[in-house]
Structure formats: structure tokens, C-alpha cells
Amino acid sequence: MAIKFVLIALMLSSLNSFAQITLKQHHFFAVGDSITEYYNRLPKTTIDIGESGANKIWDFSNLDTIAVAKQTLKFLAPKDTPFFTDYPNANIALYANDIYESWSFMEISKKKVTPLGHGLFINNEKRTGNYGGSVMKFPLKYLDKSSNETVKETVLEKDENGQDLIKVKTVLNYTYVIDAWGDVILPKGTFLSLRIKYTLNTTNYIYQKQEDAWVLLRQPETNSTRSYKWWTNDRNAKYPVVQIVMDEANEKPIVVQYLEAIPFTKIINETQEETLKVYPNPAKEHLFIQIPKAEETYTSIYSIQGKMVLNLKTNTSQLKVDVSRFPSETYLIVSRNKAGVIIGKSKFIKI
């Protein structure tokens, strides 16, 4: 708790204000891109998605401890897939090989991304589906919102003459709002991002044919699901840096996906040891950190076990950090530029 108060004080005293970002079509995936991401279903680690608003900080630096699997996603030309003729309007397809090989088809332009449907093979049987989805319109900026609706009808039962007897009409209402922006702290780096909150309301109406009219059998039920995606304009991302799907009560994450992380051991060995100047070392009350360049920089302090204890965003060449409340041990300091590339590193001892 004390370290959090130190972080707030430092942010108020030494950090500059940075503007939110606007996402355009070229910030998103394109044919030929390949993305590696980790994912976890039903994570046991506590994950705080935070509140909506401007200039937020989401600390997901512990995500590397919950990953159970990873997958490589590939963006292909639809003509290079087995489902090209099923989606003639698609100009890009997302290929994934998780439980099944699957392809998601989209139409992307300078103005929007429209989901068209999916294709997969189950027991060598070809299956397709037009599941609808949120149409994202460009450019994307804070507080933008959009909604669209898809209606499907499915026959559940026929009478003895083969006529439709019972059917269900499913109304899928998709909405999204860019409800927050700020910094996402990941094991791979820190990314200025927009957070998009997606809501899917599904309502099922069950009808029975009685004489010449369809009669509603019971009051419809609506189920709601919610998910969040953090998008950045980092040229190396082109895909959500974090995706979280919530449970039915919208209280607990049930699926977490994030871009491939840099393990802490790699951070330690990635650059030469003394590329940041720090003094005094050992430190008791305050520590001064000299940054190689006066540019937008993210400087993180880790315990020797790899836990991030402080993250600072500045554009100055020198930082003054209050370490008086830090436990006595050895700490690692890592500075990254806006793209998440390590530009300096050092260690210090807290006495």
C-alpha cells in the first residue's frame, strides 16, 4: 500500500501528461501478419480490469505467470483458405489452430472492419456460420461507440406434414464503447492503449405455429456477455495487446489472452548490465536514475524475484525516486522507449 502512495506522489510531481491515441486502419492487422499470443481459460490469478475513464494504468505485468498455452494467429488472403467461396466479400481471414483449425472471415477497409463468419472442420466435416459481431468503424478514439443487430431463425420441430411447427428467433445485439484509455503494463513492455468494452445481448424468442399464426410460447430471456480489448497504435502490435472475457455476472475473467511476453529472465539478460546510471548505490532514502535520452520513457523497478514494484512514465533525462519504504534487497531497473524496446538497465541495493 505504501508503494502505491509513493507511485501516486511521483506521478503528480514528476510525470508529464500524455494524450490519448486515435486508431486508424493501418494500426490493425493485414494479410501476411503473424501474431503470437498466450491465453488462459479460467485463470486463478486475480486480474483487475480497472474502471472506465481517461489516463488509466492497468498493471498486467503478472500475466506471464498464468499462461498455460500459446498460439500463432495468421492473417491470410481468403483465396488461400478452404472457405473462399463461402465468403466472397471477405478480403482477409484469421487462421487459428487451437482445438480445431478455424478461419474467421472479415471485410476490412479504411472506414471499418466487418465480421462475416467463420469456417472450420470437425471430424473432417466442413462447417460454416455467420455469427455477426461488432462492426468497428475507423478512426477509433476515446468515447466512440457503435451497435448493430443480427437476427437468426432456426426451426426446432416440424409437424407430421413437414411444416414448421416450432421455431426460435435469436436476436443478437452487439455494442461497443471505447470506455477508457491509458497505459497497459505487460511483461513485454508498456503500451498506450484504448480499451474497448464489448457487450453482446442475446435474446431468444420461441414460437409455435397455431393455425395460421405464430404464437410466442413464453416470455423471452436475454443473456448478456461482456469482454474487453486493449488496442494500441504500436506498429509491432496490430492486434489487441490484452483481451479479457468476463463470466455471466461480469465479475470475473474467464478467458485471458495477451501478446507474447518477454520472460523476466530474458529481460535480465537482454542488455548489458550497467546501461543506466543510478546513484547513490546502495540507496536508503532516494535514488536518482539517469536516462540515456530525454524522450518518452517507461522506467520500471522489479524485485529480484521479477515482481514489478513501480512503473514511471516520463520524458525527462533524470528521475528521483523515493525508495525509503522499499524492503531491503536488490532491485532491477529497466527503461523502455515508447515501442517497448529496452534502452537501459541497471541494479541497485536498498539498505
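Tabulated data for the structure shown
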| read-out | value |
| --- | --- |
| Count of residues meeting criterion [surrounded by fewer than 11 Cβ atoms within 10 Å (Cβ to Cβ) and either under 24 Å from SER227 (Cβ atoms) or of a type in the set (D, E, K, R) (or both)] in region 153-162 | 3 |
| Criterion: surrounded by fewer than 16 Cβ atoms within 10 Å (Cβ to Cβ) and under 27 Å from the mean Cα position of the chain (by Cα) - qualifying residue of LEU143, LEU186 | LEU143 |
| Enumeration of residues in region 27-49 that are part of a loop (DSSP other than H, G, I, E, B) and surrounded by 14 or more Cβ atoms within 10 Å (Cβ to Cβ) | PHE28, PHE29, VAL31, ASP33, PRO43, ILE47, ILE49 |
| Test: THR199 is part of a strand (DSSP E or B), touching a Ser or Thr at 6+ places or on another chain (Cβ under 8 Å), open to solvent by less than 30 Å² (accessible area, probe 1.4 Å) and of a type in the set (Val, Ile, Thr) | yes |
| Flag if THR150 is touching a strand residue (DSSP E or B) at 6+ places or on another chain (Cβ under 6 Å), open to solvent by 60 Å² or more (accessible area, probe 1.4 Å) and either part of a strand (DSSP E or B) or within 29 Å of ASN40 (Cβ to Cβ) (or both) | no |
| Complete set of residues in region 310-331 that are over 11 Å from LYS350 (Cβ atoms) and among the hydroxyl-bearing types (Ser, Thr, Tyr) | THR314, THR316, SER317 |
| From the options GLY133, GLY129, residue that is crowded, with 18+ Cβ neighbours inside 10 Å and touching a strand residue (DSSP E or B) at 6+ places or on another chain (Cβ under 6 Å) | GLY133 |
| Restricting region 93-109 to residues that are among the charged types (D, E, K, R) and surrounded by fewer than 16 Cβ atoms within 10 Å (Cβ to Cβ), the residue that is nearest to the chain's Cα centre (by Cα) | ASP98 |
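Each row is one residue, and each column tells you yes or no for (1) of a type in the set (S, T, N, Q); (2) farther than 25 Å from LEU186 by Cβ; (3) touching a strand residue (DSSP E or B) at 6+ places or on another chain (Cβ under 9 Å).
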| site | (1), (2), (3) |
| --- | --- |
| LYS277 | no, yes, yes |
| ALA283 | no, yes, yes |
| THR299 | yes, no, yes |
| VAL309 | no, no, yes |
| THR314 | yes, no, yes |
| LEU319 | no, no, yes |
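Listed here are the residues, each with its yes/no results for (1) open to solvent by less than 20 Å² (accessible area, probe 1.4 Å); (2) hydrophobic (A, V, I, L, M, F, W, C).
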| residue | (1), (2) |
| --- | --- |
| LYS167 | no, no |
| LEU194 | yes, yes |
| ASN204 | no, no |
| PRO220 | no, no |
| PRO240 | yes, no |
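The values are calculated or read from the model by the stated rules, or taken from the named source; none is laboratory data. All values reported here derive from a predicted model rather than from experimental measurement. Reconstructed Cβ throughout: ideal geometry from the backbone, glycine too, with neighbour counts over all protein chains shown. Surface accessibility is based on the protein's heavy atoms, side chains included, excluding ligands, DNA and RNA. Shrake-Rupley method; radii C 1.70, N 1.55, O 1.52, S 1.80 Å.
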